[in-house]
Amino acid sequence: MENLLEIDDLYVEYKVGKSTAKALNGVTFSMRKGEAMGLVGESGAGKTTTALSILRLLPKHNSKIVSGDIAFEDTDILKASEKKMMNLRGESIAMIFQNPLTSLNPVFTVGEQIGMVLQNHKRMSRSEKKERCCQMLEVVGINRERLNDYPNQFSGGMRQRVGIASALACDPKLIIADEPTTALDVTIQAQILELIKKLIKEFGSSLLMITHNLGIVGELCDRVAVMYAGRIIECGTVREVFKNPLHPYTKGLFDSIPRLTEERQPLNVIPGTVVNAQDLLPGCPFHPRCKYKMDICTVKNPEQISAGGEHWVACYCFSER
């Protein structure tokens, strides 16, 4: 199947005062058309930076794409003009943001905000645009009569539905969902995830789901990539990675999930703390927390090693088997 998105050896840095934070350190992965992929990792792993790099929306004042390539279909994202990127954003690549309270403008009605997306990318009469906005609200389960309501008149879950309606308004080929349920309570989270699952199937869009929740990945995604310290350290189909996690970090994530079927006992935790992007050590970034580390882990980053099928891992422990 043809790839829709390809990211190759991407490095991104942020200026933090007088120091430099190395946010992405050689991120490489691809997505096929119609595929749902999960990008998993702790806070600070580089998930959101990856998403903003795809859209070329990194803050200009303190960020820098050092090297690498991002290709979306036949477009070289890093070399495309700003006009080309403006055309891509919203029409071909759309984003569902983490916090629906801040992603919607409080001074415009929800209809106006969905209409702005259509106005930028579709030639429509005023009546056609209004009807499309009403249709999109109904698609996400909101009565069309609320077209002229403001964001503050909606609950958090309903605001997120408006965000989804805006993202899908132009039938994008790729939707990036950046932890879209984090700010919502558990019951609303389930509704939003079920809605995303249903609509992605209906619209035929590819989905990049950014999350720290492995349950969401298991429910929505075909493949999963695990991030740590700005690198993809393991990748494969959901079945491959969930059934046989290979990297010590991936194993630690699965071991830390509470299990309701077992007797009550303390949760397993990954020792240590998340690596500081401003002070990365040589070698594998996970080695300070890894109980399997070898001498080579402290000097050289491991290369990707195939584990069969689509499954690969970047770990010297696996290469020693």
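Values computed for the structure shown
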item: Computed E for F254/L101 - FRET, C-beta separation, R0 51 angstrom, nearest 0.05; result: 0.95
item: Antiparallel bridges, percent of DSSP beta bridges restricted to the chain (to nearest 5); result: 60 percent
item: 5 Å-binned pair-distance histogram of the range 84-189 (Cα, whole percent); result: 2, 14, 24, 25, 21, 10, 3, 1, 0
item: Percentage relative contact order, the range 1-144, counting C-alpha pairs under 8 Å, at least six apart; result: 20 percent
item: Candidate values (1) 50, 21, 15; (2) 36, 23, 18; (3) 40, 20, 20, label of the one derived for semi-axes √(5λ) of the Cα gyration tensor in Å; result: (2)
item: Positive dipole terminus of the chain, leading residue within M95, M124, P180 (C-beta point charges); result: M124
item: Entries of K47/K122; K251/K300; K60/K201 with Cα pairs more than 24 Å apart; result: K47/K122; K60/K201
item: Projected-area mean, the range 185-321, by convex hull of Cα positions, square nanometres; result: 10.7 nm²
item: Where only C-alpha atoms are counted, convex hull volume of the range 1-149 per residue in Å³; result: 159 Å³
item: Residues with amide H under 5 Å from that of A36, placed H, sequence gap 5 or more; result: L207, D222, R223
item: Length-normalised contact order for the chain - Cα pairs under 8 Å, 6+ apart - percent; result: 20 percent
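Each value in this text was obtained by applying a stated rule to the coordinates, not by laboratory testing. As the structure is a prediction and not an experimental result, all values here were calculated from the model. Because the Cβ atoms are built from the backbone with ideal geometry, glycine has one as well, and the counts that use them run over all protein chains shown.
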